[in-house]
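The values are calculated or read from the model by the stated rules, or taken from the named source; none is laboratory data. What you see is a predicted model; the values in this text were computed from it and never measured. With ideal geometry, Cβ positions are generated from the backbone for all residues, glycine too; neighbour counts draw on all protein chains shown.
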There are 2 protein chains.
Amino acid sequence: MALSKKPVTGMKDIMPEEMEIRDYVIGVIKETYKSFGFTSIETPCVENISNLNSKQGGENEKLIFNILKRGEKLDIENAASKEDLIDSGLRYDLTVPLVRFYSNNANNLPVPFKALQMGNVWRADRPQRGRYRQFMQCDIDILGEPSNLAEIELILATTTTLGKLGFKNFQIRINDRRILKAMAAYSGFDENSFDTVFIILDKMDKIGIDGVKAELLESGFNADSVDSYLELFVGVENAEDGVGYLADTVGEFLENDVRQSFNEIIDSVRATKSSDFELVFDPTLVRGMSYYTGTIFEIAMPEFGGSCGGGGRYDKMVGKFTGNDVPACGFSIGFERIVLLLMEKGFKVPSSKKTAYLIEKGVGGDMLCDIIARAQEERAKGNNILVVRMNKNKKFQKEQLLAQGYEEFEEFYKNPLK
Amino acid sequence: MALSKKPVTGMKDIMPEEMEIRDYVIGVIKETYKSFGFTSIETPCVENISNLNSKQGGENEKLIFNILKRGEKLDIENAASKEDLIDSGLRYDLTVPLVRFYSNNANNLPVPFKALQMGNVWRADRPQRGRYRQFMQCDIDILGEPSNLAEIELILATTTTLGKLGFKNFQIRINDRRILKAMAAYSGFDENSFDTVFIILDKMDKIGIDGVKAELLESGFNADSVDSYLELFVGVENAEDGVGYLADTVGEFLENDVRQSFNEIIDSVRATKSSDFELVFDPTLVRGMSYYTGTIFEIAMPEFGGSCGGGGRYDKMVGKFTGNDVPACGFSIGFERIVLLLMEKGFKVPSSKKTAYLIEKGVGGDMLCDIIARAQEERAKGNNILVVRMNKNKKFQKEQLLAQGYEEFEEFYKNPLK
């Protein structure tokens, strides 16, 4: 078999220019989240296949990279289906592994546990421009905190990080699965059809209120329910206090606690935020994953069409592993999109002085020692020193080095008078 | 299928205490290598199976985690062997991917290209204490530099990094495949049997010179050759200048260039090193991989039984992908072992002030806002502030927080007089 120079389909090599930005973003993220009391953890990239197929991952479960059994366990002759051949797979997100990690280690973790995870995930999606089958996710989660302090801290930590990376004028859209449900229940939809209703509602920003209406009617929902439902959205739009309007309108369908807690999140974040963004109630925000149980949120960047991260509360997932529910809330930042935006902006990473020493070919012995000793001294002072042999085409070499950020050059010749 | 709380066999969850050290080590490594002009790159964790099985990986090729084909390409019914079922696998090292990366991107890379890679690799080894099937590798490589400047810079960069991490009194053992070969040729071994001879020689530190002698004779080698071979090692041991003794003894079997370049590496590193270690010529150093063509080196830590990293020159590997050889030399630092040693030492990561705000349950509204606003101010100053609800057992909570490095506490009550 011939060696292939290309990466596997749908995955990419990352070049030095992009890596510099990635490393910088990782540094800012880790430092900022640490200042909020988050601690890093890591789980293996490989997970038991039963965990990956546990219905927590929604559509992503169809996109798993499966790993073949090894040794005697692999019995190709008698394998009837894929399931007989595999025992594990590459993780498609960091939430399922986190919940497994927490279930496995809860006794040795603080309460609440504030986790930061940065790691690759894999999805065998159809390759398309700008979307890759391996990509970095960056999640913060708080487990064991039932109060809205979790939501407040998650939103503040994420937005502070975005601010430090130079983003402004973005929006955090916030909603609550319980508000979504209250609105649907008030309008007379049956609980069994909520998911169908929400999938249609989720298209609001693409097809508008008329499109949503048409699709709801097409799906056979009662016209009165549809009208009453859509009126709620118009009402929120026109109200000064959208949450208040809704709560007053739907009445007993929404618990008072939810309203109060939701407002507290909005008020606290607005009062204490340290970067330039808007927190807005968006009753059309759905978030795909069925595991969310309460608050949900999403980052909307003007520079970037779609969402640039999101999250929410998922209080019932730990229970799937342990039998005991643990309150949980997380926020995932769209790492790859942030890097892409910074690259497109021409963002330059702040860096120490970079100097290149160009040494003529043939320089060796004591003279080489002296040059390297000098480089070592400069490095000890915190400067970046590249020591390289001078190329025949010195002019071109310097142009290349300039492009890599080397601003100063020193040249060393065998015969210094040259 | 039930959900499994444990990680997959042979892989581990990484807890916050270890992650803190890992993140710190990664930071020191990246900063130091950057000061030597290395730039980070990344390749996908998944590689084409033909590249992984290209005979560059030696024994590691038996330990590959194979990835199942997907969609229509997967034809279980007609699959005769493993090869029909898979198209890719998890990388088992960073060298094969680097060479593929270089072959794919050489036109857009500087000459020489100094690459830093930090990433996970996977080997389905038999699980054993302290060795995992997923582990981090950390490699620096210089491609396109034929002179010994590559070796000098690699050794200096690696040892400077180890020094910054607090390691001292370690050894860098250095040898050259061409010296190994010259010694074997001089002693009358046939070139075809060199690999067998070297595999036995490699056991010198375990079975001693008598053991090596016995095994060489057992393998049917000529007694005169064996005697003459082992005399060389005794001679080096007793010589003041081991390389000089060898070169003089084996004469034409070793090119003069090799001797001069080898000595220049030793002299330059000794003269310019910035940390406390010994560079020693070790004629018994073999390094397993058959791809090495010149200098080879290894880190020996007194605190740690075996090797703690190593590398060497492999000038013929790029040619396997492109048809054109490119000089290449690399040094891999034993990341996992370094982390293990620091953990065992009880190493504490330098950190900014960590304060925990404990808020009584029920505190909300404006008061919560004020507390969070204060936390935000402190964080903006670079301090780490954890904002949590006060547990019923406040004493225990504080003990836990102390163990996590929180030294100061502030308590907030609904009724401040409490």
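Would you point out the residue of the stretch A:80-108, among those that are among the small types (G, A, S) and either surrounded by fewer than 18 Cβ atoms within 10 Å (Cβ to Cβ) or farther than 25 Å from B:N48 by Cβ (or both), that is nearest to the other protein chains (Cβ to nearest Cβ)? Looking at the filtered set, the residue picked out is A:S103. Suppose we keep only residues that are in a loop (DSSP other than H, G, I, E, B) and charged (D, E, K, R) within the stretch A:173-229. Which one would you say is modelled with the highest pLDDT? By that ranking, first place goes to A:D190.
Here A:V269 passes the criteria (1) closer than 23 Å to A:F167 by Cβ; (2) of a type outside the set (D, E, K, R); (3) surrounded by 19 or more Cβ atoms within 10 Å (Cβ to Cβ); (4) more than 14 Å from chain B (Cβ to nearest Cβ) except the one numbered (4). For the stretch B:116-148, name all the residues that are aliphatic (A, V, I, L, M) and at the interface with chain A (Cβ under 8 Å from one of its Cβ atoms). Within the stretch B:116-148, just B:A124 meets the criteria.
With the requirement that a residue be facing another protein chain (nearest Cβ under 9 Å) and among the acidic types (D, E), what does the stretch A:378-418 give you? Once the filter is applied, which keeps residues that are facing another protein chain (nearest Cβ under 9 Å) and among the acidic types (D, E), the stretch A:378-418 yields only A:E378.
Taken over the stretch A:12-27, the criterion of being of a type in the set (A, V, I, L, M) and assigned to a helix (DSSP H, G or I) is satisfied by A:M19, A:I21, A:V25, A:I26. Residues in the stretch B:317-365 that are more than 30 Å from B:R379 (Cα to Cα) and among the aliphatic types (A, V, I, L, M): B:M317, B:V318, B:V326, B:A328, B:I333, B:I338, B:L340, B:L341. Residue-level check: of (1) under 30 Å from A:G37 (Cβ atoms); (2) surrounded by fewer than 18 Cβ atoms within 10 Å (Cβ to Cβ), A:I207 misses just (1).
For B:F321, the conditions (1) in a strand (DSSP E or B); (2) under 24 Å from A:K5 (Cβ atoms); (3) touching a helix residue (DSSP H, G or I) at 6+ places or on another chain (Cβ under 6 Å) all hold with the exception of (1). All of (1) farther than 20 Å from B:E336 by Cα; (2) within 8 Å of chain A (Cβ to nearest Cβ) hold for B:E77 with one exception: (2). Filtering the stretch B:380-418 to residues that are assigned to a loop (DSSP other than H, G, I, E, B), surrounded by 13 or more Cβ atoms within 10 Å (Cβ to Cβ) and not aliphatic (A, V, I, L, M) leaves B:N383, B:N391, B:Q404, B:G405, B:Y406, B:Y413. Residue check: A:G288 meets all listed conditions (1) part of a helix (DSSP H, G or I); (2) under 31 Å from the mean Cα position of the chain (by Cα); (3) surrounded by fewer than 17 Cβ atoms within 10 Å (Cβ to Cβ) but one, namely (1). Pick out the one residue from B:I265, B:I299 that is in contact (Cβ under 8 Å) with a residue 40 or more places away in the chain, touching a strand residue (DSSP E or B) at 6+ places or on another chain (Cβ under 8 Å), farther than 30 Å from B:E61 by Cβ and assigned by TED's automatic domain parsing to the domain that holds B:V318. Being in contact (Cβ under 8 Å) with a residue 40 or more places away in the chain, touching a strand residue (DSSP E or B) at 6+ places or on another chain (Cβ under 8 Å), farther than 30 Å from B:E61 by Cβ and assigned by TED's automatic domain parsing to the domain that holds B:V318 holds for just one of B:I265, B:I299, which is B:I265.
Is it the case that A:T9 is of a type in the set (S, T, Y) and not in a helix (DSSP H, G or I)? Taking the combined requirement at face value, the residue satisfies it. Where residues in the stretch A:36-52 are modelled with pLDDT under 95 and within 7 Å of chain B (Cβ to nearest Cβ), which of them is surrounded by the most Cβ atoms within 10 Å (Cβ to Cβ)? Selected residue: A:N51. Once the stretch B:1-12 is narrowed to residues that are surrounded by fewer than 19 Cβ atoms within 10 Å (Cβ to Cβ) and closer than 28 Å to B:E344 by Cα, the residue that is nearest to the other protein chains (Cβ to nearest Cβ) is B:K5. Checked against the criteria, A:G220 counts as more than 29 Å from the chain's Cα centre (by Cα), at positive phi and among the small types (G, A, S). State yes or no: is B:A157 in contact (Cβ under 8 Å) with a residue 40 or more places away in the chain, of a type outside the set (S, T, N, Q) and within 22 Å of A:K6 (Cβ to Cβ)? The answer is no for B:A157. For A:I296, the conditions (1) under 20 Å from the mean Cα position of the chain (by Cα); (2) within 14 Å of chain B (Cβ to nearest Cβ); (3) crowded, with 22+ Cβ neighbours inside 10 Å all hold with the exception of (2). If you go through the stretch A:315-328 one residue at a time, how many are crowded, with 19+ Cβ neighbours inside 10 Å and either of a type in the set (D, E) or in contact with a Gly (Cβ under 7 Å, 6 or more places away or on another chain) (or both)? Residues flagged as crowded, with 19+ Cβ neighbours inside 10 Å and either of a type in the set (D, E) or in contact with a Gly (Cβ under 7 Å, 6 or more places away or on another chain) (or both) within the stretch A:315-328 amount to 2.
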